[in-house]
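Let me begin by presenting the structure, written as structure tokens, before commenting on it.
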Amino acid sequence: MIAAAHSTGRSRALLGVALRWTAGILVLLLLAYFLPIAPLRVALAQIPPVLFVLVLVGYLLAHAAGAAKWRMVVNAAGAGLDYSTAVQCYFGGLFGTLFLPSILGGDVIRLAVALRKSPRPAAVVAGNVADRVVDVAALAGLTLLGVALFPTSLPLTLRTYAWRVLGGLALLLLILLALFLLLRRALLGGRSIRFRRRLARVRHSLRAVSRQRKVLVFALLLGLSTQAVFVLLTALLAHACGLLLPLRAWLFAWPLAKLAALLPVTQGGVGVREAALVALLVPFGAASPLVFAAGLAWEGVIIAGGLCAGLLVFLVRRSNRPENQA
């Protein structure tokens, strides 16, 4: 009975992955159908393999800084994770984005590993929430920087779109907070004492990390730096494709495209990110096939980086086995 239920759950999970990958590939095929194929092929062929490898290395190094940031924040909440464990959690989550919905799907893997390793699971949950808030703030900060660098030349429609996206995120957070406060008694009513204690620990850990203002500010600076590196790496790939745009255009469009990829529609935001980039950069005079080519190249970096992350986690776990420490 239990084995049958487990098999059914696994089949549903695999079906969900297949459907999300299908949706992402369908979006990419639709973009390829409506855009000229010849310029797209030529643009992708212009990317030197050495450049792709260098961008991939830069991508992984930036995520190494991201792993240090994540560990710093969750430990500020009291998780007590060493760097080896943090690497397994963080890069395991990076690998998990290839199989779980949206770019937030990797958090499931990250938390699953960390909850087993940490002596304070509530601190892991609270720290991961705080880290995600920092990441969203970093993306919003880059978007605001892009808007500020276009005081007059930024098209009004794009400026309005940017403010709507950022305002919508803020409004969504306020609505979720208000709903929780209004429905708190209904949600917590009838819960066991054990559940209430766990929730109290999470709340205590959130308060602990919120008091670490220097840590949060430093984490925000690290987050801004990491996302800025991703923007630069994407711009390098785009330049190799023949797409010449000012960096401020990428600072504006890239974070918004990544925020759009948060929607759990496709696998890891595949297709959604590329469509958003095309829609946001074409008003700046960019050729849509070249934008699409740059987006596909960056998608290749993300997928290759996720596979490398999975290999890294495997090697770290293998090196940490008791027989290897003897």
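A few comments on the model shown:
- For TYR83, TYR59, TYR90, the sequence from fewest to most other C-beta atoms within 10 Å is TYR83, TYR59, TYR90.
- Label positions at PHE314 and LYS214, each projected 7 Å from the Cα along the C-beta direction, are separated by 4.2 nm.
- Efficiency of FRET from Cβ geometry, ALA45 and SER84, R₀ 41 Å, rounded to 0.05: 0.50
Taken together, the values in this text are just the output of simple stated rules run on the coordinates, not laboratory data. Quick caveat: nothing in here was measured; it's all calculated off a predicted structure. Here Cβ is always computed from backbone atoms with ideal geometry, including for glycine, and neighbour counts include all displayed protein chains.
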